[in-house]
Amino acid sequence: MKLITFDPFRTLGLPGVRYIKPEHMHQHRDELAAADWLLFPGYWQINSLHYVLKRPIFPSLCSYHLGHDKVEMTRALQTACPDHVPETLITSSDKYGIGQILDQWRFPFVAKSVRSSQGMGVYLIENRQQLQDYAARETVLYVQKLLPIVRDLRIVVVGDSVVASYWREGSGFLNNVSQGGRVRTDLPVPGNALSLVEGLARYLNINHAGFDVAMVDGHPYILEFNRLFGNTGIAALNRDVQQAMHNYLLGSTLPPSSDSKVSA
């Protein structure tokens, strides 16, 4: 099995993986064309690797395309599972878009930058001036209903199954661990949230992502998913992700002492 990675840190623990710098891709065309899997390419690489060299990539093409920005992601989720997506409006950042929001929405609500993660680019909009300030920074306006929650779920999918799930709880508006939220593993994770995410990931062929889920009166809402997710706060998450990747890519179990080096 020939594995080539473009991100050595994401593939630590996978044995026999060769690292090629993304910017050196064209110098290694023959090796790439002969690989069984190409791992964690940059978004700019995937068309050449998939459509030209016709090699399988991991994460999947769907994980890249649907997770590229919040607009693409939300429209796909609204089509796949409309009852599990918070009320969302995507519009232009001109006077028409601002007027549309003011006519149809009540403060407060959530606004997001279409390409952001880890809680960055997420704003609580409480008045007209904040909306105008947000619109001045963005080319596309993305506003979403503010849900009555104090914590949310992170559900991690690798391969074709859930490998981790836990609550994140913040002291303010955001629950992201990178924004000061804390991990809660002492609370049960609802089964309907797990089944929703696992079924959706399989249906859309998303095989490496962290899904953020809000629970409102027992009903799960998918806020977004991140193709590249962090592992802060869960000691065993990195190992579990490595194991799931190994099983998915190689179909076997990691040895007790896995090699953390990547050959070059």
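The values are calculated or read from the model by the stated rules, or taken from the named source; none is laboratory data. Fair warning: this is a prediction, and the values are worked out from it, not measured in the lab. Glycine also receives a Cβ, built like all others from the backbone with ideal geometry; neighbour counts cover every protein chain displayed.
Here are some residues: L12, L38. Which one is outside the structural domain of S113 (by TED's automatic domain parsing), within 30 Å of I222 (Cβ to Cβ) and touching a strand residue (DSSP E or B) at 6+ places or on another chain (Cβ under 8 Å)?
Just a single option satisfies the conditions, and that option is L38.
If a residue has to be at pLDDT 95 or above and out of contact with any helix residue (DSSP H, G or I) (no Cβ under 7 Å at 6 or more places or on another chain) to count, how many in segment 14-31 make the cut? Give the derivation first.
Going through segment 14-31, the residues at pLDDT 95 or above turn out to be 17-31.
Applying the additional criterion that residues be out of contact with any helix residue (DSSP H, G or I) (no Cβ under 7 Å at 6 or more places or on another chain) yields 17-19, 21, 23-24, 26-31.
Going through segment 14-31 one residue at a time, the tally reaches 12.
Can you name the residue in segment 222-232 that is within 20 Å of R115 (Cα to Cα), out of contact with any Lys or Arg (no Cβ under 7 Å at 6 or more places or on another chain) and not small (G, A, S) and, of all such residues, is surrounded by the most Cβ atoms within 10 Å (Cβ to Cβ)?
Restricting attention to segment 222-232, the residues satisfying the condition of being within 20 Å of R115 (Cα to Cα) are 222-230.
Subsequent filtering for residues that are out of contact with any Lys or Arg (no Cβ under 7 Å at 6 or more places or on another chain) retains 222-223, 225-230.
Pick out the ones that are also not small (G, A, S) and you get 222-223, 225-229.
Working: I222: 23, L223: 23, F225: 26, N226: 18, R227: 22, L228: 15, F229: 21.
Restricting to residues being within 20 Å of R115 (Cα to Cα), out of contact with any Lys or Arg (no Cβ under 7 Å at 6 or more places or on another chain) and not small (G, A, S), the top hit is F225.
Identify, please: which residue in segment 237-264 is of a type in the set (G, A, S) and at pLDDT below 85 and is, among those, surrounded by the most Cβ atoms within 10 Å (Cβ to Cβ)?
Taking segment 237-264 and keeping what is of a type in the set (G, A, S), we get 244, 251-252, 257-258, 260, 263-264.
Now drop any that are not at pLDDT below 85, which leaves 251-252, 257-258, 260, 263-264.
Values: G251: 8, S252: 9, S257: 6, S258: 14, S260: 10, S263: 10, A264: 8.
Residue satisfying both the conditions and the ranking: S258.
Name the residue that is nearest to the chain's Cα centre (by Cα), counting only residues in segment 14-41 that are within 14 Å of P56 (Cα to Cα) and of a type in the set (G, A, S). Give the derivation first.
Restricting attention to segment 14-41, the residues satisfying the condition of being within 14 Å of P56 (Cα to Cα) are 31-41.
Remaining after also requiring of a type in the set (G, A, S): 33-35.
Numbers: A33: 28, A34: 29, A35: 26 Å.
So the residue we want is A35.
How many of the residues in segment 48-69 are charged (D, E, K, R) and more than 13 Å from F225 (Cβ to Cβ)? Quick ask: steps written out before the conclusion?
First, pick out the residues of segment 48-69 that are charged (D, E, K, R): 54-55, 69.
Now narrow it down to the ones that are more than 13 Å from F225 (Cβ to Cβ): 54-55.
Residues meeting the conditions: 2.
Could you list, in sequence order, all residues of segment 1-13 that are in a loop (DSSP other than H, G, I, E, B), touching a helix residue (DSSP H, G or I) at 6+ places or on another chain (Cβ under 7 Å) and under 15 Å from P59 (Cα atoms)? First the steps, then the outcome.
Step one: of segment 1-13, the residues in a loop (DSSP other than H, G, I, E, B) are 1-2, 6-13.
Keeping just the survivors that are touching a helix residue (DSSP H, G or I) at 6+ places or on another chain (Cβ under 7 Å) gives 1-2, 6, 13.
Once the filter is applied, which keeps residues that are in a loop (DSSP other than H, G, I, E, B), touching a helix residue (DSSP H, G or I) at 6+ places or on another chain (Cβ under 7 Å) and under 15 Å from P59 (Cα atoms), segment 1-13 yields only F6.
Output the residue which, of all residues in segment 70-85 that are surrounded by fewer than 17 Cβ atoms within 10 Å (Cβ to Cβ) and under 17 Å from the mean Cα position of the chain (by Cα), is farthest from E198 (Cα to Cα). Spell out the reasoning first.
Taking segment 70-85 and keeping what is surrounded by fewer than 17 Cβ atoms within 10 Å (Cβ to Cβ), we get 71-72, 75, 78-80, 82-83.
Then keep just the ones that are under 17 Å from the mean Cα position of the chain (by Cα); that gives 71-72, 75, 78, 80.
Values: V71: 22, E72: 20, R75: 19, Q78: 17, A80: 13 Å.
Residue satisfying both the conditions and the ranking: V71.
If you take the residues of segment 50-98 that are among the hydrophobic types (A, V, I, L, M, F, W, C) and touching an Asp or Glu at 6+ places or on another chain (Cβ under 9 Å), which of them is nearest to I222 (Cα to Cα)? Lay out the reasoning, then the answer.
Step one: of segment 50-98, the residues among the hydrophobic types (A, V, I, L, M, F, W, C) are 52-53, 57-58, 61-62, 66, 71, 73, 76-77, 80-81, 85, 89-90, 98.
With the extra rule that they be touching an Asp or Glu at 6+ places or on another chain (Cβ under 9 Å), the set shrinks to 66, 73, 77.
Working: L66: 14, M73: 11, L77: 8 Å.
Once the filter is applied, the top-ranked residue is L77.
Please work out which residue is surrounded by the fewest Cβ atoms within 10 Å (Cβ to Cβ), limiting yourself to segment 4-46 and to residues that are closer than 19 Å to G159 by Cα and among the acidic types (D, E).
Top of the filtered list is D36.
Do you know which of the residues in segment 101-148 that are aliphatic (A, V, I, L, M) and in a strand (DSSP E or B) is farthest from the chain's Cα centre (by Cα)? It would help to see each step written out before you state the result.
Let us first name the residues in segment 101-148 that are aliphatic (A, V, I, L, M), namely 101-102, 110-111, 114, 120, 122, 124-125, 131, 135-136, 140-141, 143, 146-147.
Those still in the list that are in a strand (DSSP E or B) too: 110-111, 122, 124-125, 140-141, 143.
Numbers: V110: 19, A111: 18, V122: 15, L124: 21, I125: 24, V140: 20, L141: 20, V143: 19 Å.
Per the stated criteria, the residue is I125.
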